[in-house]
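The structure under discussion appears below in the form of structure tokens.
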Amino acid sequence: MDQNTSRDAKWREEQRNSLSAKQRSSIPRTIMPQLNAAYRITCNHEVNQGLSAEQAIIEATRCLDCPDPQCIHGCPVSINIPSFIKNIERGEFLAAAAVLKQTSALPAVCGRVCPQEKQCESRCIYNKMKKAPVAIGYLERFAADFERMNNQANGIKPNGDSSVARNGRKIAVVGSGPAGLSFAGDMIKKGYEVIVYEALHEIGGVLKYGIPEFRLPNSVVEAEIDALRAEGVDFVKDCVIGKTISYDQLHELGFDGIFVASGAGLPRFMGIPGENLIGIMSSNEYLTRINLMGAGRPGEDTPVLKGNRVAVVGGGNTAMDSVRTALRQGSEKAMIVYRRSLEEMPARVEEVHHAQEEGVEFITLCNPVEYLSDDKGRVRAMRVQRMELGEPDASGRRSPVPIEGAIDEIEVDLVIVSVGVSPNPLIPHAIPELEISRRGTIVVNEETMQSSLNDIYAGGDIVRGGATVILAMGDGRRAAAAMDKALSGQD
């Protein structure tokens, strides 16, 4: 077994015995250094600054190296978490990065944007001890960043694994977001020729158009994509599968399997009066214009509306990204309008905290019911229904109930609606034989991610209808394992 991953390795046993569990658990959790709030809203620089080597080693020392590590079960891509952390503790940072890459195609991305508090860190033994869990996400980011910066400093370019023999089979991936990239990374390692088709002019999908650089710098995403290129993955931009190339043409081109990861880029609106006024847009459009198309940056031609009083409707991570982006675009007042309370908000706790630090106003237990216009057809105000919390709904959160007669008016000049997205409909329309759910998602076998058509597998938001980066990556890994099994005759 690999000595960098084996719990039974001599170095690891010696490391475990070097400190008692009491000594390790007495170390406080490391606090991530971050930019000052007053400064960061003036620029797009990354807010979280990453751990130093010394901080990473101390945080890694907290890990108890459990014999049955539940944190692994909390990770959708099954990273060997104790192994990479213990390598950090002994100062073998490149070995830690290598452990991450065994199962994750995007460790530097996941270390930044995954909801570790709901996944791996939620399973950490420290929670039972009423202590803060090991900062797994911080350490994942540290190891991935260390490898990237070490390679850049030493002029080392990413290399593929030359020992992988090609098997002569060809796979198409539709979409270059996290599900597609994760799938491509696994399939290239299994010996397939992999071509990823992206409809937009940049590779990365939601990682590029949906997540702002103050949370996930484009340079980090590009480095992860370059590593996949070095492995042998080919990328084709500006190609809309279902239009530029049809399903039948993919067969004519010799593809043995297709993985659909086309995402959920169709924004939802609330269907309330005034929603078509000038100055009301989806978070999808707003973030895409700014993140992918450069709106608001000097020298860029892409227009984007700028408001002095900006309201973002919703309480998820995309809503936080939108409202914090509005601040950086120069708004005087940026507000979150959310129909539940702060405690029910689905956004990451860290994102809410950062928004509060930056001066975002949270208007909770309010639901928009109408938009009012000025004499030029522009939005000037939002009428909101005051709410109170009733009984829990199917998700376990208490349902908001209107308070009769409690209607307020909020002055606004830009509204960004962030109440969810629906799957991109092009693939289902282009391949009518595919079984589609009532929500427009592709129906798959949840264990294999195989669709109703034998050669098409699917994952990510086109299946889930809107989820996290890491869940999409887990879909990609599961689909790769199942497709390989089927194509190699093991099924």
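Arrange the following residues from fewest to most other Cβ atoms within 10 Å of their Cβ: Lys190, Lys86, Lys118.
Ranked by crowding around the Cβ, least crowded first: Lys118, Lys190, Lys86.
Projecting the Cα positions of Gly466, Leu64, Ile41 onto the charge dipole of the chain (unit charges on Cβ atoms of Lys, Arg, Asp and Glu, taken about the Cα centre) puts Leu64 furthest along the positive direction.
Here the Karplus curve 6.51 cos²θ - 1.76 cosθ + 1.60, taken at θ = phi - 60°, turns the phi angles of the range 405-420 into couplings of x, 8, 10, 10, 10, 10, 6, 9, 10, 8, 10, 10, 8, 10, 10, x Hz, with x standing for Gly and Pro. Measuring r between the beta carbons of Tyr39 and Asp375 and using R0 = 45 Å, the FRET efficiency lands at 0.70. Return the subset of Lys118/Lys208; Lys208/Lys306; Lys128/Lys189; Lys101/Lys237; Lys118/Lys333 for which the Cα-Cα distance in this structure is over 29 Å, preserving the input order. Cα-Cα > 29 Å for Lys128/Lys189; Lys118/Lys333; rest within. Each Lys and Arg adds +1 at its Cβ and each Asp and Glu adds -1 at its Cβ; summed about the Cα centre, the chain shows a dipole of about 980 debye. Report note on the peptides 126-135, 203-212: ranked by the mean count of other C-beta atoms within 10 Å, highest first, their order is 203-212, 126-135. For Gly274, nonlocal amide neighbours, meaning residues 5 or more places apart or on other chains whose placed amide H falls under 5 Å from its own, are Tyr371. Rounded to the nearest whole Hz, the Karplus-based 3J(HN,Hα) values (6.51 cos²θ - 1.76 cosθ + 1.60, θ = phi - 60°) of the range 84-98 follow the sequence 6, 5, 5, 5, 5, 4, 8, x, 8, 5, 5, 5, 4, 5, 5, with x at glycine and proline. Taking amide hydrogens as placed 1.01 Å from N in the peptide plane, the amide H of Cys366 sits under 5 Å from those of Tyr338, Arg339, Arg340, Met387, each at least 5 positions away in sequence or on another chain. Between amide H atoms placed 1.01 Å from N, distances below 5 Å from Gly242 occur with Tyr247, all of them 5 or more places distant or on a separate chain.
Would you work out if the range 413-481 is rounded, prolate or oblate? Take a ≥ b ≥ c from the square roots of the eigenvalues of the alpha-carbon gyration tensor; rounded if a/c is under 1.5, else prolate when a/b is larger than b/c, oblate otherwise. Note, shape of the range 413-481 comes out oblate. With the charge dipole of the range 268-417 set up from +1 on Lys and Arg Cβ and -1 on Asp and Glu Cβ about the Cα centre, the Cα lying farthest toward the positive end among the listed residues Tyr371, Val412, Pro303 is that of Pro303.
Ordering Phe269, Phe235 from the fewest to the most neighbouring beta carbons within 10 Å gives Phe269, Phe235. The smallest convex shape that holds all Cα atoms of the range 244-359, its convex hull, gives 181 Å³ per residue.
The residues Ser452, Ser283, when put in order of fewest to most other Cβ atoms within 10 Å, stand as Ser452, Ser283. Could you tell me how far the Cα centroid of the range 120-189 sits from the Cα centroid of the range 324-342, in Å? The distance from the Cα centre of the range 324-342 to that of the range 120-189 comes to 32 Å. Under the criterion of Cα pairs below 8 Å and six or more residues apart, the relative contact order for the chain equals 15 percent. Estimated at 0.36 nm per residue, the fully extended path between Val443 and Ala165 surpasses their Cα-Cα distance by 96.8 nm.
Here, each number is a calculation from the coordinates, and none is a lab measurement. Computed from a predicted structure; not experimentally measured. Note that we place each Cβ from the backbone using ideal geometry, even for glycine, and neighbour counts take in every protein chain shown.
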